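Trainee: Take a look at the following structure, please.
The values are calculated or read from the model by the stated rules, or taken from the named source; none is laboratory data. These numbers come from a predicted model, not from an experiment. Backbone-built Cβ (ideal geometry, glycine too); neighbour counts: all protein chains shown. These accessible areas exclude ligands, DNA and RNA; they are computed on the full protein's heavy atoms, side chains included. Shrake-Rupley method; radii C 1.70, N 1.55, O 1.52, S 1.80 Å.
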Amino acid sequence: MKVKILNAGGPGASARTLRSRGGKRIRMDEPPPPEYDASPPPMTPMTPYDSGTGEVDTAYTPYYQHAPATPMETESYLESDAGNYDDDAEGESPRAMEAPAPVRRGRGRGRGRGRGAARGSAATQRGRRVRGGRRSIGERIEEESLYNLVKAGKSALQVIVDDWIEFYKMNRDTALLQLLQFFISASGCKGKITPQMQTSMEHAAIIRRMTEEFDEESGEYPLIQSGLVWKKFRSSFCDFVGMLVKQCQYSIIYDQYLMDNLIALLTGLSDSQVRAFRHTATLAAVKLMTALVDVALTVSVNLDNTQRQYNAERNKIGDKRVSDRLENLLSKRTELEENMEEIRNMLTYMFKSVFVHRYRDTLPEIRSMCMSEIGIWMKKFHQNFLDDSYLKYIGWTLHDKVGEVRLRCLQALQPLYASEELKGKLELFTSKFKDRIVAMTLDKDYDVAVQAVKLVVSILKHHRDILTDKDCEHVYELVYSSHRAVACAAGEFLNERLFVLDEESSVPMKTKRGKKRTPNTPLIRDLVQFFIESELHEHGAYLVDSLIDSNEMMKDWESMTDLLLEEPGPGEEPLDDRQESSLIEIMMCAVKQAALGEPPIGRGPNRKNASAKEVKQISDDKAKLTEHFMLTLPSLLGKFLADPEKIGSLMVIPQFFDLELYTNRRQEKNLEALLHQMITIVDKHTDLEVLDTCAKTLEVLCDEEYAISSKAMISRGVLLDNVVTKFKEALDEFNSFVAGGEEPDEDEIFALVSSSKKVSVFYSCHNLGHLQVWDLLFQQMKDAKDGCSALPTEASLKLIFHAVKYCISSCQFAHMWDLISIENMLQGSGLNAHVQTEIEGLKARLRAYIETALALIQSASHPEYKAEAFLCVCDLLIIFGDQLGRNTQELCALVYNPDKHLQTLLNDFIQSYVFVEYQETEEQDEHLKIEELHKRRNYLASFCKLIVYSILPTRAAADVFKHYVRFYNDYGDIIKATIGKARETNKVNCARTMALALIMAFKELQQEGINNRFSDEFIALKELSKRFALSFGLDAVKNREAITAAHREGILFAVNPGDGGISDPTQPPPNIAFLDVLTEFTNKLLKQDKRVVLAYLDKRISSAVPSSRGEEWQPLHAYRNSLVHGEADAPTTTTRRAYTRKRKANKDDEDDEDDDDDDSLIS
């Protein structure tokens, strides 16, 4: 085979040879072809093709209001006005003024061509050989296209590229054809470029032909298809382009044939309106530019080395200088300079022809890839691309509507700002687009917000003065964000901006007694001040979580406790009360997170299982904080004993101790000091939060798993004796006043209330049964039921209400502890006389308690009584439910089954205190509104648990289900979860309950006189029916019986003539409008079930239908039409026969079988 050598006879011969072979060539000094020189719409530059095949994008509306319609202007703009971001060019055509292409030089010695093609005979011989038994290169590439080879992935990409290069050296026309076909096939086009098309047609004509043959109708193409095969192909596609340029970098890319034709094809495809062509060609083009950037870097290194060698050789003196070597180095330098110039020309041409038009394409994926690649170019080849004339494209695209594109912009900028070397070239860009970057920290896309905060941190490091205080405040607030990644990024900003050690103040501060302050002390002071000024004191855990992984001061326990315990030294200001409270709050949150390793509740996403390294870190942190606080905590408690807020936070800390360290480190004295302080705190404080924290902490210390539990139990005995004794004394003194006809003063009432509170709080965590307090507590309940506790003054009455409320809850806890004691006895000794006596006693107390509580729910004058009694009864019904007897046979006697009266009382409470419209006033505090809503949600959740655990029948939930739509904002999640659990338990019962809920709501409308089917209330009822139907999902077969049961209940109600019957047979039943509501369930019926339901309806409707068909019969017509919709053999609604109970005379056997199904599914 004879191989023609390009340009072997000089420039003229080169042109003649190219024309004779029919190859398409781009001259870098020529403007783009006339097909692309018009001024089309920016995003779809080509006009629609006549064939109409392929996926064609619609006209594009520019995204940016602040950027010019065309960011590409003249070359003089790029050079002379670099950095001018003014938006005066709005409305110009994208190609109103194309920049001139690179200037072409003469080739002289043909440096690039000789290496690739001059050894044609040798290349031919190599191509004809078979390596290791493989087919020849030409056979492989011709039989298996490049596209199939790359897609299959059976051969390494480098092998494929090397084979193609050798084939190119043998027959470059055919090899080029294979390469061009690769990009056409990679676009999902089935068309083939023939040799005749290659020799006789321009690239624009070839693209039009391929568009006509683009027969893909699904809109999918390789780059966007899902699956591992296509994911691997996308990666291989990009790697192939890079590998091709890398392997051709020393000769072939300079032969003015391969790159000219390849760039021409990709430029034309990237302007196509066919999305597949445009997407694939743009990806190939930008990856080609990235590969050329790598080549340019290599050439730049070689050029520097050659220049250094040349300078060294030239500086040699006399005989040491070798003239031939100097000439060779000069020739090599000239060649490398020409190569660099040509690569720059290629990059410039492709940037203007592809990137400038595709960076704001209609397809977000194309815009994203453009931003990703330009960032790579700027980082790698900053000498050429890191210029304001290129940076402006990223700045404009920061306003993109798609989050992924905005993210790519920020990711492109991140490594630029992270480089100390490049920061000087970013000053103008930063000043122009700084406000936009800061605003993006509040982006609705969390990934974008995280990247924006990180970019602001980089700006702060290298351009510290450009950020204003207002800019910084925007980022400060993000440490309280609910998204953890955003908050942690904002924490990094705080570390860089605020929490920086002052290197000038090298002399450490000292406390009053001479102890040196740690270096983190001033930072902790700044942290406390920041927390106070943020005015979000209930979110201290969020602030801690934002900083704990990035700033070591969050675990500097010594600095924190020294600030609280040590008196300030010379030059130090003492912490005020607010600062102390804030520091204790931060310290407590830091201890909790360090010991658990979990972010606070509400901040997602939650981390998965911790790694072994994280588990060890958590264990080490827990040991360190335990070693420190078991020494300092008693002193802290003693100092702040009188402050309930500080004590409440400090008493949480022991719950996160590694309690084994008390024994291992021989710190029993400190344990005794802690327990002594706890007894003192309980004796002096009445705050509910403090008492609850103390009870839980004492429960942790008394865990029998630890060796310290014996000491803790002794202290617990002392503490509980004190609590019960004071309650008895306060109650006796109070009763003596009442018995004597005197009114107790405030001190006696307060003592009773506070002691009752302490009993209730500690009874919830510790068993007080051995202290014989049940009778006293239950007597207060009975007195409240009988009204004996009423006192003349309203203030006194309110306090007594609280005391009785605590007694009610204490009695509930007593039953629970008694049950645990009986279960322990059964496990230890089995059922004996003593255990049987205990069971009988608990049974009697339980029934007496529930009867008294129900009496309070029914007739108590104060809502506090009713609410506490309601919650306690609901909890006890679950604990003493049927599962108690199933799990332990001996406890069957304790099972309490609610009767109808109890169900009614509980339901009445829900209807009266939960499903009520509260009138909101402007004077009402927002926190009170939230607290009130939380209470009502708690009441509803307690009732719904009885349904979920089958304590109450599913039917009892109808009164709750009917409020699903009306109170959706307040309780929608609770009711939806209840419906889901009820459906899992029994689909049919759930469907019947839904029908009952709709019937009840329909009756309420009738009672209110609302009979208009087009009223807002009736439409809301239909919406409720629709929500119920949608809750059954898409599996009609699985829900078949349930849906037909709902229709049966609805039909029976709708056709019911009522108590008095129907005197006029032409009048519809009074509830016939309910069929309009039931229609929402029809689309959940199977085709055969529609016939069953229709037959059942016909049996039940016996009234005569007037020929005029009045408006009152329309619900029936609509319901029947929904049942017969799509049924060819369904009876029409025009005859009276459809509403009588007569059977059709011409029904076949199959219809009779359907009637049999009526009985199985409906009846």
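Trainee: Against the definition (on the phi < 0 side of the Ramachandran plot, surrounded by fewer than 17 Cβ atoms within 10 Å (Cβ to Cβ) and among the charged types (D, E, K, R)), how does Asp304 come out, yes or no?
Mentor: yes
Trainee: Just need a number here: residues in segment 272-305 that are in contact with a Cys (Cβ under 9 Å, 6 or more places away or on another chain) and of a type in the set (Lys, Arg).
Mentor: 1
Trainee: Which of the residues belonging to segment 947-975 are among the aromatic types (Phe, Trp, Tyr) and crowded, with 21+ Cβ neighbours inside 10 Å?
Mentor: The answer is Phe961, Tyr964, Tyr971.
Trainee: List the pairs whose first member sits in segment 521-537 and is without any contact (Cβ under 8 Å) to a residue 60 or more places away in the chain and under 12 Å from Tyr476 (Cβ atoms), whose second member is in a helix (DSSP H, G or I) and open to solvent by 60 Å² or more (accessible area, probe 1.4 Å), and whose Cβ atoms are under 9 Å apart, counting only residues at least 6 apart or on separate chains?
Mentor: Sorted first by the residue in segment 521-537, then by its partner, the pairs are Phe531/His537; Ser534/Glu477; Leu536/Glu477.
Trainee: When Ala853 is evaluated against the numbered criteria (1) under 44 Å from the mean Cα position of the chain (by Cα); (2) among the small types (Gly, Ala, Ser); (3) at pLDDT 90 or above; (4) open to solvent by less than 30 Å² (accessible area, probe 1.4 Å), which criterion, by number, is the only one it fails?
Mentor: (1)
Trainee: Here's a follow-up. So Val1055 clears everything in (1) under 40 Å from the mean Cα position of the chain (by Cα); (2) at negative phi except one condition, right? Which one?
Mentor: In the conditions (1) under 40 Å from the mean Cα position of the chain (by Cα); (2) at negative phi, Val1055 misses (1) alone.
Trainee: Among what's in segment 906-919 and is modelled with pLDDT of 90 or more and surrounded by fewer than 19 Cβ atoms within 10 Å (Cβ to Cβ), pick the residue that is farthest from Gln836 (Cα to Cα).
Mentor: If we take residues in segment 906-919 being modelled with pLDDT of 90 or more and surrounded by fewer than 19 Cβ atoms within 10 Å (Cβ to Cβ), then Phe915 is farthest from Gln836 (Cα to Cα).
Trainee: Look at segment 680-700 and say how many of its residues are in contact (Cβ under 8 Å) with a residue 40 or more places away in the chain, open to solvent by 40 Å² or more (accessible area, probe 1.4 Å) and either assigned to a helix (DSSP H, G or I) or within 18 Å of Leu636 (Cα to Cα) (or both).
Mentor: Qualifying residue count for the region: 7.
Trainee: Taking Leu265, is it in contact with a Leu (Cβ under 7 Å, 6 or more places away or on another chain), touching a residue at least 12 places away in the same chain (Cβ under 8 Å) and in a loop (DSSP other than H, G, I, E, B)?
Mentor: no
Trainee: Identify all residues within segment 658-673 that are under 43 Å from the mean Cα position of the chain (by Cα) and either at pLDDT 95 or above or not aromatic (Phe, Trp, Tyr) (or both); write none if there are none.
Mentor: Within segment 658-673, Asp658, Leu659, Glu660, Leu661 qualify.
Trainee: Of the numbered conditions (1) within 29 Å of His279 (Cα to Cα); (2) open to solvent by 10 Å² or more (accessible area, probe 1.4 Å), Lys392 satisfies every one except a single condition; which is it?
Mentor: (2) is the only condition that Lys392 fails.
Trainee: Also: Do we find a residue being over 19 Å from His685 (Cα atoms) and either open to solvent by less than 40 Å² (accessible area, probe 1.4 Å) or in a helix (DSSP H, G or I) (or both) anywhere in segment 638-655?
Mentor: Yes; the residues of segment 638-655 include at least one that is over 19 Å from His685 (Cα atoms) and either open to solvent by less than 40 Å² (accessible area, probe 1.4 Å) or in a helix (DSSP H, G or I) (or both).
Trainee: Name the residues in segment 566-589 that are surrounded by 14 or more Cβ atoms within 10 Å (Cβ to Cβ) and farther than 20 Å from Ala487 by Cβ, would you?
Mentor: If the condition is that a residue be surrounded by 14 or more Cβ atoms within 10 Å (Cβ to Cβ) and farther than 20 Å from Ala487 by Cβ, then Glu566, Pro568, Gly569, Glu572, Leu575, Gln579, Glu580, Ser581, Leu583, Ile584 are the ones that fit.
Trainee: Residues of segment 1017-1053 being of a type in the set (A, V, I, L, M, F, W, C) and either within 13 Å of Leu996 (Cβ to Cβ) or surrounded by fewer than 17 Cβ atoms within 10 Å (Cβ to Cβ) (or both), which ones?
Mentor: Correct list: Ile1019, Ala1020, Leu1024, Phe1028, Leu1030, Leu1034, Ala1036, Val1037, Ala1045, Ala1046, Leu1052, Phe1053.
Trainee: Report, by residue number, each residue of segment 416-433 that is open to solvent by less than 20 Å² (accessible area, probe 1.4 Å) and part of a helix (DSSP H, G or I).
Mentor: Within segment 416-433, Leu416, Tyr417, Leu426, Phe429, Thr430, Phe433 meet the criteria.
Trainee: Name the residue, out of Val738, Val724, that is closer than 25 Å to Pro644 by Cβ and among the β-branched types (Val, Ile, Thr).
Mentor: Testing whether each residue is closer than 25 Å to Pro644 by Cβ and among the β-branched types (Val, Ile, Thr) leaves just Val724.
Trainee: Still on this model: Counting only residues that are touching a residue at least 40 places away in the same chain (Cβ under 8 Å) and assigned to a helix (DSSP H, G or I), which one in segment 207-231 is surrounded by the fewest Cβ atoms within 10 Å (Cβ to Cβ)?
Mentor: Once the filter is applied, the top-ranked residue is Val229.
Trainee: Over 30 Å from Tyr390 (Cβ atoms) and open to solvent by 70 Å² or more (accessible area, probe 1.4 Å) - does that describe any residue in segment 478-499?
Mentor: no
Trainee: A follow-up question, please. Spot the failing condition for Lys592; the list is (1) of a type outside the set (Ser, Thr, Tyr); (2) open to solvent by less than 80 Å² (accessible area, probe 1.4 Å); (3) assigned to a helix (DSSP H, G or I), and only one is missed.
Mentor: (2)
Trainee: Can you list residue pairs whose Cβ atoms sit under 6 Å apart, with the first residue in segment 470-490 being farther than 15 Å from Leu536 by Cα and modelled with pLDDT under 95 and the second being assigned to a loop (DSSP other than H, G, I, E, B) and open to solvent by less than 30 Å² (accessible area, probe 1.4 Å)? Count only pairs 6 or more apart in sequence or on different chains.
Mentor: From segment 470-490, the pairs are Arg484/Pro599; Arg484/Arg603.
Trainee: How do the pairs read when you match residues in segment 232-245 that are over 12 Å from Leu283 (Cα atoms) and open to solvent by less than 10 Å² (accessible area, probe 1.4 Å) with residues anywhere that are acidic (Asp, Glu) and part of a helix (DSSP H, G or I), using Cβ under 8 Å and keeping only pairs 6 or more apart or on different chains?
Mentor: Cβ pairs passing all conditions: Val245/Asp294.
Trainee: Tally the residues that are touching a Phe, Trp or Tyr at 6+ places or on another chain (Cβ under 9 Å), part of a helix (DSSP H, G or I) and over 20 Å from Thr282 (Cβ atoms), restricting the search to segment 380-402.
Mentor: Matching residues across segment 380-402 total 5.
Trainee: Using the structure shown, decide if Ala848 is touching a residue at least 60 places away in the same chain (Cβ under 8 Å), more than 48 Å from the chain's Cα centre (by Cα) and farther than 26 Å from Lys935 by Cβ.
Mentor: Answer is yes for this residue.
Trainee: Yes or no: Leu871 closer than 19 Å to Phe943 by Cβ and in contact with a His (Cβ under 7 Å, 6 or more places away or on another chain)?
Mentor: no
Trainee: Here is a follow-up. Only one residue in Asn897, Asn938 is on the phi < 0 side of the Ramachandran plot, within 36 Å of the chain's Cα centre (by Cα) and open to solvent by 30 Å² or more (accessible area, probe 1.4 Å), so which one is that?
Mentor: Asn938
Trainee: Okay, moving on. Mind checking which residues of segment 826-836 are surrounded by fewer than 16 Cβ atoms within 10 Å (Cβ to Cβ) and under 14 Å from Leu891 (Cβ atoms)?
Mentor: Result: Gln827, Gly830, Leu831, Gln836.
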